[in-house]
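Nothing in this text is a laboratory measurement; each read-out follows from the coordinates by a stated rule. Fair warning: this is a prediction, and the values are worked out from it, not measured in the lab. In this analysis, Cβ positions are derived from the backbone assuming ideal geometry, glycine residues included, and neighbour counts consider all displayed protein chains.
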């Protein structure tokens, strides 16, 4: 019967604090397995800015440690407190009652470094006979240093307390046997010295400060642990004071691979020769993604992706014009194969012409309706006037002795001319007009260029923003989403880092993942590529990405290119109203204190009003009260209407139709028209 080999016992479980304190830095990396603790299954805790999720059975690979502080634990009460390394208090060793049988045991448990002189004292319960001297029983020996000479046994140099001269120092071989007991010593240790000496960490201490009560204390160093965890970032930082028990399983986990998630920005940093490769989505897009593409729904946890490479892609942010339908937004790559044609823009006021002309000099527009100014010296417009925007300047307007300066837009009014006339005659038929900034339109841009441009050529030739129309669709796309819109507004050109990817079911149909905007966690895998041959086949990439409304918030937050809105155009001046002798009801309600004038005038008006109140006649007396009677009031007889009698007049009845109504003359309409025009000119325009 074959003997069954017993499996080795599992390693003992230690607290994270004790394990890291006893860890030798030369043995890193070490793999730990979480056994138990207060960090329960699936719970996430934020420690020093890092999220740490510790569950029973998790594996943690420690790759580095850094000393942070010290933990001071009361042996009796088990209370813990964290102390900084520069703590000003000092500590003294607690005497141990157990005896040491050899000098070697004393050397193993005490600090014998050169800077630890006179830090440890002991006695021997029997007499020691050495080569050149004798140490009597009970004499106190204080360790000075450990001497090591080549070819000789190491010896411990000690000072015999109470002796003078040459006999005050003795040399004890480390093989010397006896019953040695630790003796009280006045040497004190700083906190930094204790945590730096592994031999002192197993000892107990008293605090020398009278303000600190309790003790004895056990001191343990607290380290900042740099570790790699499964499905976490490359390095996770957490303190060793986490109350969890761990087991060292380094030898049993040699073949375990720690999966490290990568963001799209971290994928961009991978060497170019590592592409193409397969990847798995560890953390998918949010419930409300920024993209509306058909492939965005498939970027969920567990989805396989083919990563073809990384690059910087030149794109243009575009939107449909506002109208009855909801606006749609796109990112269009400069590799877009469609042809575009300029489309006239519309402007609501002269101020918008001024803003657009600064970006595109030589702007020519046509006025769509009649617009009239109120100031003398400025020009009005008629429907159909063609204007070429020249410049903006300030002009001085004539007034009633007051100097009034306003900003105007200087335009050239282009008059219609025959095709056979010369250019000199055209210039004679054009005139400069001065338009106030508040003057309303609408104005329609006049475009002479009817050419078709590629998107890249249009961006180089014209300044953005720009209104365009897709004249020829992109034939490389199965369905060009831009061809059906009557107009698009190209807003801004951007250069974005992207990851080129595709789905394994359609590996040759690629799409671009903007690394700045998408929060996606991937894991590179060793799975085979969907194609067998090398190099990879030629792929086609989508050039149009549809965006959501939430994209604008994310875009401006990440790019930082959100400009302040332009200032409002100047207000239209108000024509002063003529003074009339008629007093309004509002003026009648005002008290004399509200009238403008000197304080003396106001007080005089107040006094007169008080006198007028005192001279008013008294109110009439009240009518006499009716005499009380027990009789019921007389019944008023019901009124009976006579047949054929005319009914009484009713204030709320409808006005009867006048058959013989006099016809209105044209003069009446002219009077009404003048009154209405005066009321319109009195309104303040904004």
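In whole Å, how far is the Cα centre of segment 126-170 from that of segment 67-111? Segment 126-170 and segment 67-111 have Cα centres spaced 26 Å from each other. Over segment 81-197, what is the relative contact order in whole percent, taking alpha-carbon pairs under 8 Å and six or more residues apart? Relative contact order comes out at 37 percent. Separation of segment 477-505 from segment 512-543 is 18 Å, based on Cα centroids.
Anisotropy class assigned to segment 437-506 is prolate, per the alpha carbon gyration tensor with a/c at or over the 1.5 cut-off and a/b larger than b/c.
Quick one: grab the alpha carbon gyration tensor of segment 214-316, order the square roots of its eigenvalues as a ≥ b ≥ c, and give me rounded if a/c is under 1.5, else prolate or oblate depending on whether a/b is larger than b/c. Because a/c hits 1.5 or more and a/b exceeds b/c, segment 214-316 counts as prolate. Sorting the segments 336-343, 277-284 by their residues' average number of neighbouring beta-carbon atoms within 10 angstrom, most packed first, yields 336-343, 277-284. For the peptides 363-369, 129-135, the ranking by packing is 363-369, 129-135, with the highest mean count of neighbouring Cβ atoms within 10 Å listed first.
Taking a ≥ b ≥ c as the square roots of the Cα gyration tensor eigenvalues, segment 90-214 comes out prolate, since a/c reaches at least 1.5 and a/b is larger than b/c.
Peptide packing for 147-157, 522-532, 454-464 was compared via the average number of neighbouring C-beta atoms within 10 Å per residue; ordered from the highest value, the list is 454-464, 522-532, 147-157.
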